[in-house]
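Visitor: Following this message is one structure expressed as structure tokens.
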Amino acid sequence: MEFQELAKSVLAGDETRTTSLCEQLLAEGETPERILNEGLVGGLTLAGEGMETGELYLAEVIIAAETFKNGFAVLEPHFKGEPDSALGRVAIGTIFGDIHDIGKDLVIMMLRAYGFEVYDLGIDVSADRFVEAAKAHQLDIVGISAELTTTMMGMKDVVKAMEDNGLRQKVKIMVGGPSVTEAFARSIGADGYGKDCFEAVVLAKKLMGI
């Protein structure tokens, strides 16, 4: 029941209630992983579904995402260990021409929580910047986010740039965003697609053979 209440508090954008429930569940001995997956992520999922059905506006989803971040801040110190580059080095950015960062930021938080070393490339990221990051940080994975149908085709440019620079065999590419699909990911030569921040973690582990 408490996990359902936590999900509802995220959906409602109630930051005080969300942080309080996270602290309470930790005090009761629940693991941060379970609180994250069954409570916080559950609330974000409800928000996403509400937007898809037209029951929620984008502004309400943004508030839910900010509430999620506040709850996550309570949990973050309780995840095991420091980022481990042996688990995988990842750089994530929003594609060139796109300035949306909510989804990107959530994926970054989740990957860091599960032990990946993550570099945030920010928004409006060109193919060349993805290549530069791959070389500079010896990346295992590049993550590309796109909110808009008008910008998502830029993901293909990143795949090509990786190929042109001889990095494609070394660096896996995963993509995501509300307009992106599994079929689109395959069509541009990406290695995988995650529909949300939780699936992004599962995908990153799979790409690393974990």
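The values are calculated or read from the model by the stated rules, or taken from the named source; none is laboratory data. Quantities reported herein were computed from a predicted structural model and do not represent experimental measurements. As a convention, Cβ positions derive from the backbone with ideal geometry for all residues, glycine included, and neighbour counts pool all protein chains shown.
Visitor: Only one of 43, 13, 71 is outside the structural domain of residue 106 (by TED's automatic domain parsing), farther than 25 Å from residue 118 by Cβ and either at pLDDT 85 or above or aromatic (Phe, Trp, Tyr) (or both). Can you tell me which?
Guide: Just one listed residue meets the conditions, 13.
Visitor: Further question on the same structure: Which of (1) out of contact with any helix residue (DSSP H, G or I) (no Cβ under 7 Å at 6 or more places or on another chain); (2) touching a residue at least 12 places away in the same chain (Cβ under 8 Å); (3) not basic (Lys, Arg) is the odd one out, the single condition residue 53 does not satisfy?
Guide: (2)
Visitor: Given 88, 13, which one is touching a strand residue (DSSP E or B) at 6+ places or on another chain (Cβ under 8 Å) and buried (at least 20 other Cβ atoms within 10 Å of the Cβ)?
Guide: The match here is 88.
Visitor: Take the conditions in contact (Cβ under 8 Å) with a residue 24 or more places away in the chain, over 24 Å from residue 205 (Cβ atoms) and of a type in the set (Asp, Glu) and apply them to residue 105. Does it pass? Before the answer, list the steps.
Guide: Working: in contact (Cβ under 8 Å) with a residue 24 or more places away in the chain: yes; over 24 Å from residue 205 (Cβ atoms): no; of a type in the set (Asp, Glu): yes.
The answer is no for residue 105.
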